[in-house]
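The values are calculated or read from the model by the stated rules, or taken from the named source; none is laboratory data. All values reported here derive from a predicted model rather than from experimental measurement. Cβ atoms come from the backbone with ideal geometry, glycine included; neighbour counts cover every protein chain shown. Areas reflect the complete protein model, heavy atoms only, side chains present, ligands, DNA and RNA absent. Shrake-Rupley method; radii C 1.70, N 1.55, O 1.52, S 1.80 Å.
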Amino acid sequence: MIAGSTQQAPHATAVRSWLIVVAALIAVMVLVGGATRLTESGLSIVEWKPVTGTLPPLNEAQWAQAFEGYKAIPQYRELNAGMSLAEFKTIFWWEWSHRLLGRVIGAVYLLPFLYFLWRGAFSAELKKRLWLIFALGTLQGAVGWWMVASGLSQRTEVSQYRLAMHLVLALIIFASIVWTLRRMSARPQPVVPPRLKISGVAVLALTFVQIYFGALVAGLRAGRVYNTWPEIDGAFIPSAARLFFEEPWWRNLFDNTLTVQFEHRMTAYALLALAVLHAVDSVRSRAGVAVVGGAWSLVAAITLQAVLGILTLLHQVPIDLALAHQAVAIVVLTLAVLQTERLVARRTEHDRQKLAMPLGQPG
């Protein structure tokens, strides 16, 4: 074990730097994806060509061919009929940039990963984590095309269900990398009561729920309606008849623009309240500077996120405010992951070795 650790140590800084770059690229990818959605550009490329699609149209004939492909889908016929080639190029470049960035992230992840594997830079646990992240990244590419395909035949936009899955999976990958980076650093484990760990995990889980609801809002364009606050549809809590008029009732949670926006608002309030309770408890528990600081940083970020969400809603989703709202969501998620990892017990290599000893062997 000592020899393996010695071999891995010289690569530790390089591995960390590599993972930080990948995480940063994923964050940029999420924002470019948000801009692609806000500019209604996501269906401008109607084919999935993982290799040849890397190159954009290079001459007028290729541009005309790409434009004809877009004209064949419902979004063009029902929403953009009469669009000029110049206007098509604008939405094309957003979607092409989004897909190109996905390919770049794949290469930036895979090539150093293979090199570090060859050099023996990973411990057994780290290797498992990174293979899992690679598998999730591969799945994400397939989910992205599955999402686009939902808007090519019968709809004028992609399915909000698939859009939400695409975003959440991207942020699961991002969070996994952030968590892995934290686990690579040896730090003393804070001694905190179990309830503080539970509330930290709850904040992280609720953050993912809120991101999912936010993606549904984006997919349904629900931020462009009910543009008042704190009231929505004339009341703080709309009538049940308006919230649950579709059958079966559960479809309202995903398809009804009023219900989706309402649950996004209520989850935001719940997330902020839970974060404040977690922060107050961390102070009362004397959990240490890192835990207390992490808790209050979360409160500050969630508060900023809520303010940006309200402004985005009141101004009917201008692209600059909407992207700022999405960017701070990534910050909130990052802080929630760091806080949870800080609180959750970790096993050292020595602990794992003891657990692996045969029963009855002294250790």
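Structure notes:
- Residues of the range 234-278 that turn out to be hydrophobic (A, V, I, L, M, F, W, C), over 28 Å from Leu298 (Cβ atoms) and surrounded by 12 or more Cβ atoms within 10 Å (Cβ to Cβ), as a count: 5
- Test result for Arg103, open to solvent by 50 Å² or more (accessible area, probe 1.4 Å) and touching a His at 6+ places or on another chain (Cβ under 8 Å): no
- The set of residues in the range 47-75 that are modelled with pLDDT of 90 or more and either touching a Leu at 6+ places or on another chain (Cβ under 7 Å) or under 16 Å from Arg155 (Cα atoms) (or both) comprises Trp63, Phe67, Gly69, Tyr70, Lys71, Ala72, Ile73, Pro74, Gln75.
- Criterion applied to Glu68, Glu78 was being part of a helix (DSSP H, G or I), more than 18 Å from Phe92 (Cβ to Cβ), open to solvent by 20 Å² or more (accessible area, probe 1.4 Å) and of a type in the set (D, E, K, R), and the one residue passing it is Glu78.
- Condition check for Glu87: open to solvent by 60 Å² or more (accessible area, probe 1.4 Å), in contact with an Asp or Glu (Cβ under 9 Å, 6 or more places away or on another chain) and in a helix (DSSP H, G or I): no
- Selection of the range 140-158 for residues being crowded, with 16+ Cβ neighbours inside 10 Å and hydroxyl-bearing (Ser, Thr, Tyr) yields only Ser150.
- Pairs with Cβ under 9 Å, 6+ apart, first in the range 214-238 and on the phi > 0 side of the Ramachandran plot, second part of a strand (DSSP E or B) and crowded, with 20+ Cβ neighbours inside 10 Å: Tyr226/Ile232
- Residue match in the range 156-164 (condition: among the polar types (S, T, N, Q) and outside any helix (DSSP H, G or I)): yes
- Selection count, the range 23-46, where residues are farther than 12 Å from Leu101 by Cβ and at pLDDT 95 or above: 1
- Scanning the range 289-327 for residues that are closer than 16 Å to Phe208 by Cα, among the aliphatic types (A, V, I, L, M) and open to solvent by 20 Å² or more (accessible area, probe 1.4 Å) gives Ala306, Ala327.
- Of all residues in the range 114-130, those satisfying the criterion of being surrounded by 13 or more Cβ atoms within 10 Å (Cβ to Cβ) and part of a helix (DSSP H, G or I) are Tyr115, Phe116, Leu117, Glu125, Leu126, Lys127, Arg129, Leu130.
- Positions within the range 189-203 being open to solvent by less than 30 Å² (accessible area, probe 1.4 Å) and under 22 Å from the mean Cα position of the chain (by Cα), in sequence order: Ser199, Gly200, Val203
- Ala27 being farther than 19 Å from Met147 by Cα, open to solvent by less than 50 Å² (accessible area, probe 1.4 Å) and within 23 Å of the chain's Cα centre (by Cα): yes
- Filter pass, Trp48 being touching a residue at least 60 places away in the same chain (Cβ under 8 Å) and touching a Ser or Thr at 6+ places or on another chain (Cβ under 6 Å): no
- Being within 30 Å of Ala279 (Cβ to Cβ) and touching a residue at least 12 places away in the same chain (Cβ under 8 Å) is a condition met by no residue of the range 137-157.
- Checking each residue in the range 208-233 for being open to solvent by 60 Å² or more (accessible area, probe 1.4 Å) and over 15 Å from Met266 (Cα atoms) picks out Arg221, Arg224.
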